[in-house]
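The values are calculated or read from the model by the stated rules, or taken from the named source; none is laboratory data. In this text, all values refer to a predicted model and were calculated from it rather than measured experimentally. Don't worry about glycine lacking a Cβ; one is built from the backbone with ideal geometry, like all the others, and counts go over all protein chains shown. Surface accessibility is based on the protein's heavy atoms, side chains included, excluding ligands, DNA and RNA. Shrake-Rupley method; radii C 1.70, N 1.55, O 1.52, S 1.80 Å.
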Amino acid sequence: MAEYGIKVGGSSVSSARNIDIVADLIVKQYLSNPADNINVVVSAIGKDPAGTRTEKVTDMLLDLAKLILEKKSPKKNALAVEKKLTETSGVHTDIIHHLHIDYRTADYPLSNLGLAVADAMSKIKRKENINPYQIKDALAAMGELSSTPIVAAVVQHKLEKKWESLETKLAKEKMLRPEEQAVLNRLRAANGVYAHVVDSRHAGFITDSNFTKATLLDSSLDTEIARHHASLRAQYPHSILMYSGFVGRDIEGNTTTIGRDGSNTTKTALAVAANEQAITIYSDTDGVLLVNPKIVPNSQTARSLDYIETVLLAKFGGMKVLEEAGLYPLIRAKKYIPITVKNTFNPDDPGTLITHEAPPSVPTMKGLGILHDMHYREFAVQDPRAFQQLERTLASYKGVNILKSTLESNGAKKIGKFVFAADRKLEKRHGAEYFAGALTDRIIKNVFGGQAPKSFHHSAGSLVTIVGRELGNSHKDMSRVYDILSKANGGGTDTNTHKLPVWTTPDSIHLYMDQGTTNNVVNMLYNKLKKINVVLYGLGNIGPAFLQKAIENYDELGITVTGIVDSSGGYAKIGGFTTHDLEAIIAAKKGKTSLKEAAESSLVEGGIYLAPEAAKNFRNLRDFCKGDTVLVDATSESSMIHRLAYALHLGAKVISVNKAPYAVEKDNGHAKRQIPQLFEALLENRLFNRGTVGADIGVPGKLLDILIKNPAYVTVRGCSSGTLGYTTTLIEEGKPLSDGVQGAIAEGFTEPNPYKDFSGNDVLNKMVVLWRTIATKYGLDPFDIKVSHESYLAPAIRKYEELTGKPFETSDLSGLTKTAFVERMKMLDGPFKALQKGLPEGYVLRYVGEISYDEATKKYSISVGMREVHKTNSLGSLKGPDNRILFGINSSPDDLQDFASGKGAGIVETANAIMRDLKEIVSMARGEYGGRKIGYVKRPLSERPTHLPMVNWHRPSQKATALMGYSQFLK
Ligand SMILES: NC(=O)c1ccc[n+]([C@@H]2O[C@H](COP(=O)([O-])OP(=O)(O)OC[C@H]3O[C@@H](n4cnc5c(N)ncnc54)[C@H](OP(=O)(O)O)[C@@H]3O)[C@@H](O)[C@H]2O)c1
């Protein structure tokens, strides 16, 4: 049987309700796989901010010890002790009462607490020589020794109920489902003992006698705990073993507490001894937050940490989940068991995975720590010997913990610089001058023989530490940090942080600064160094091209691709894919390997596969790397509208090159709600769709720039299809239509289904995207517009029918494969040639999309179709896949006021468009750019003005009566 570990932190057992929640999680894991065994380590009851108790039970017990040790009159003392004892016991009995469990559950440890108190009091009365630390331990240990049986009783109760219900069901129905039968078998095997309480003092947790700061003995770590555990497992092969964290005993049998990272040490020592496969630590945040949310609200979570990062964070004021001492048993035994830190109150969140790993390919900030009460000293010294003496004097001063000392030479001048942490308690006791004045006096006396040095300087401040493997060696990150420091303080003042000490280790960057600037600097550092996560839907032509560009910009932009989805499902990785992972995925996909197959062959270490249904839920992918996330849509599915709307709802940003979701009709699912949401997000810099019209030439952005100026109305006219432009040019050069179609497919200009281009639907959709942007600006109904639409092929089809007298079959065109489509187009080669011939002198054919505005009726309309255009006209002179979109501002586009022009299709160009949008999002996330401020009329859809009835633009008529000549104004 495989063994698994759980550690339940103080916040998860702080109230009856929380104990009930965490007990459910333990039960769930126990029942999820009957072949696994579970060992739980429980902490003492923590603070209950939701209730009224602001003190942890351990602190209450230490207060109790303090009262016992106080040298007051025995009578007064006894009363105060009695009161505190009742209060502390009351916390437990209250919880037991609310949990409706047997009072005897905690009776034994609580009466032990009473005995420990009575024992200590009588020793004091008899004036026996007692060790106060020993008394503290005897009492503090009661926290864990009392909470463990309570949690165990709740787990026991839940499993008894489960057993009962399954037995009843079996008796009634004579058969259980196989998974239910497996659970029942396990419960029967446990023989009524589902949760067995283990007092760690009697389970091999032997420590030295360094009371309150005890350390487990090597023999305990190497053999004793394992021996006891093996024997307990033999006795209770199917029970959950519930160990009390933090406590141990010395070889004389006295109770001790493991001073540093106590319950975690109990857990990791037990994990090694029991050969556990994995550990889950239950806490009250979604894993390890990058920075204290009091300073940066909505801080991201580090989805993965390695041991070094974890320890550095704990040491330098970041989130403390495990300290060096807590990891020591694993490191000593070289058993690098993965640890997941999860939120008891949000167990679906994947939390943070802590592993023992090699440094990543791209350095990533994994957290920011802040330590206040720091001091900085500078002294001019004569020589290195004086510097050493200075260092020794400082180090010997009580409460000083030197973090950095350097001797710097400035010409002949030598300056010793020190950053040290000051023990706040001492300052409280001895006054604010303890570390400032008194320490300086002592140094002047000891090191400088009573004569103040030529120059010296001291200041109190804070130390901000940025943690991340190899971050200290990353020139790019260091230059970002210096950039922030110089911006943060503007120069000229004594808070000019970049003149204050900054130093690095390979895995950390340390910045000493004035306390007043800390929050500001931490916010800036966080914004500049945090990763922006990307979830990509669609891995056809555009998706891999975008990934290639993402790889090139990974470090520069600070982005991480965390999940990728194709039609076979999703592939994701906790902490995100490395650039190597992405290269492997691109290569696999090029070789026609789906993501599902890639996952099945474990293409990426640590990669996790999500079935298509699960991958549809954006949240499932986002959570692999929670934080600022961008959804990139490079599919051609209109159903992506749901994912886009949900991502926006979750606060993510969206980038689209897929225009289908923006063009859905009113009766499509939740379009009535989602279309306004999407376009409002576009105007609010939450959604970016540069690539949906004209690949990378910037059409949507140009329109937004125009709308910012609040014109009365905007009109649009243009050739917006790379495919149709390319084909038209070839026809003009005398080549057949089918060659043009084939060439456009080969160049990657066409939509996945080429009929989407040749039907004109693609151009129409682009006009709809632009129109709905305009409609949203003016508060118009985005679904209500008159559309006239004719396909690119329509004039040639009419010609074909005229020439042959036979109908041309169009109903199956949209279902043809690319090859079959090219083949069918051969039938129209001749008719296209005939059309060319029939054009008036100086005119060419152009497929034009237009959004017009009728000033008389104040109504917009869209028209899309083949037009005769003079070849000197700005649309007539277009060549190949180039697009040109003309904008009229308070006028028709004839009075050309603005335009976007260039290659409007292509794989590289479209991938570039995604990158450009992504760069905009990144610079906004880093606080470098505020985005466009476009005011718009916000009103519910039902109150938006209606216009002329809409025609169904998805079924273009192939039978329009005549070519519309626009030549009269396209001179
Ligand atoms: N080519 C251009 O010049 C250009 C210009 C501007 C915009 N665009 C747009 O870019 C988009 C992508 O074009 P493309 O040529 O790369 O298309 P594509 O080759 O057909 O790729 C589409 C991708 O979407 C995936 N997919 C399909 N259904 C999915 C679903 N339900 N969930 C997640 N993924 C799904 C497909 O998976 P499989 O791989 O498993 O089939 C494929 O990877 C299109 O919307 C297109 O209009 C293209």
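In summary, helices (runs of 4 or more DSSP H) completely within segment 599-675 and bearing 3 or more residues that are open to solvent by less than 10 Å² (accessible area, probe 1.4 Å) occur at 640-649. Would you please name the residue that is modelled with the lowest pLDDT, looking only at residues in segment 322-341 that are crowded, with 23+ Cβ neighbours inside 10 Å and outside any helix (DSSP H, G or I)? This residue is LEU322.
One residue alone among ASN292, ASN275, ASN254, ASN298 is touching an Asp or Glu at 6+ places or on another chain (Cβ under 7 Å) and open to solvent by 10 Å² or more (accessible area, probe 1.4 Å), and that residue is ASN275.
Of the residues contained in segment 683-696, none is found to be more than 16 Å from the ligand (Cβ to nearest atom) and crowded, with 22+ Cβ neighbours inside 10 Å. In a residue-by-residue description of segment 705-715, the property of being in contact (Cβ under 8 Å) with a residue 24 or more places away in the chain and within 16 Å of the ligand (Cβ to nearest atom) applies to no position. The condition (being open to solvent by less than 60 Å² (accessible area, probe 1.4 Å) and in a helix (DSSP H, G or I)) is satisfied by just one residue among PHE418, PHE387, PHE379: PHE387. VAL654 passes every criterion in (1) within 11 Å of the ligand (Cβ to nearest atom); (2) within 22 Å of ASP696 (Cβ to Cβ) apart from (1).
So that you can scan it fast, the table gives a plain yes or no per residue for (1) within 16 Å of the ligand (Cβ to nearest atom); (2) over 23 Å from ARG303 (Cα atoms); (3) touching a Phe, Trp or Tyr at 6+ places or on another chain (Cβ under 8 Å):
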| site | (1), (2), (3) |
| --- | --- |
| ASN523 | no, no, no |
| ASN553 | no, no, no |
| GLY558 | no, no, no |
| GLY563 | yes, no, yes |
| GLY570 | yes, no, yes |
| HIS580 | no, no, no |
| VAL604 | no, no, yes |
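Do we have ILE585 as more than 20 Å from the chain's Cα centre (by Cα) and either open to solvent by 50 Å² or more (accessible area, probe 1.4 Å) or of a type in the set (A, V, I, L, M) (or both) here? The answer is yes for ILE585.
One line per residue, one yes/no per condition, for (1) closer than 30 Å to ASP63 by Cβ; (2) open to solvent by 60 Å² or more (accessible area, probe 1.4 Å); (3) assigned to a loop (DSSP other than H, G, I, E, B):
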{"site": "LEU159", "(1), (2), (3)": "no, no, no"}
{"site": "MET175", "(1), (2), (3)": "no, yes, yes"}
{"site": "ALA182", "(1), (2), (3)": "no, no, no"}
{"site": "ASN185", "(1), (2), (3)": "no, yes, no"}
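Contact map, segment 610-639: residues that are hydroxyl-bearing (Ser, Thr, Tyr) and near the ligand (Cβ under 10 Å from one of its atoms) paired with residues that are part of a helix (DSSP H, G or I) and open to solvent by less than 30 Å² (accessible area, probe 1.4 Å), Cβ distance under 7 Å, separation 6+ or inter-chain. Pairs shown: SER636/ALA660; SER638/ALA660; SER638/PRO661.
Residue by residue, here is whether (1) at pLDDT 95 or above; (2) within 16 Å of the ligand (Cβ to nearest atom); (3) more than 15 Å from VAL699 (Cβ to Cβ) holds:
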site: PHE899; (1), (2), (3): no, no, no
site: LYS903; (1), (2), (3): no, yes, no
site: ARG916; (1), (2), (3): yes, yes, no
site: GLU920; (1), (2), (3): yes, no, yes
site: GLU928; (1), (2), (3): no, no, yes
site: ILE934; (1), (2), (3): no, no, yes
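The set of residues in segment 555-589 being more than 28 Å from ARG926 (Cα to Cα) and in contact with a Lys or Arg (Cβ under 8 Å, 6 or more places away or on another chain) consists of ASP566, SER568, GLY569.
Considering PHE577, PHE546, the condition of being crowded, with 21+ Cβ neighbours inside 10 Å and either touching a residue at least 40 places away in the same chain (Cβ under 8 Å) or farther than 23 Å from PRO360 by Cβ (or both) is satisfied by PHE546 alone.
Say we look at segment 716-764 and pick out the residues that are more than 13 Å from TYR792 (Cβ to Cβ) and touching a Ser or Thr at 6+ places or on another chain (Cβ under 6 Å); which of these is farthest from the ligand (Cβ to nearest atom)? Here the answer is PHE749. Among the residues of this structure, VAL400 does not count as one that is aliphatic (A, V, I, L, M), open to solvent by less than 40 Å² (accessible area, probe 1.4 Å) and closer than 30 Å to ASP218 by Cβ. Only one of the numbered conditions (1) in contact with a His (Cβ under 6 Å, 6 or more places away or on another chain); (2) closer than 30 Å to ALA925 by Cα is violated by THR301, and that is (1).
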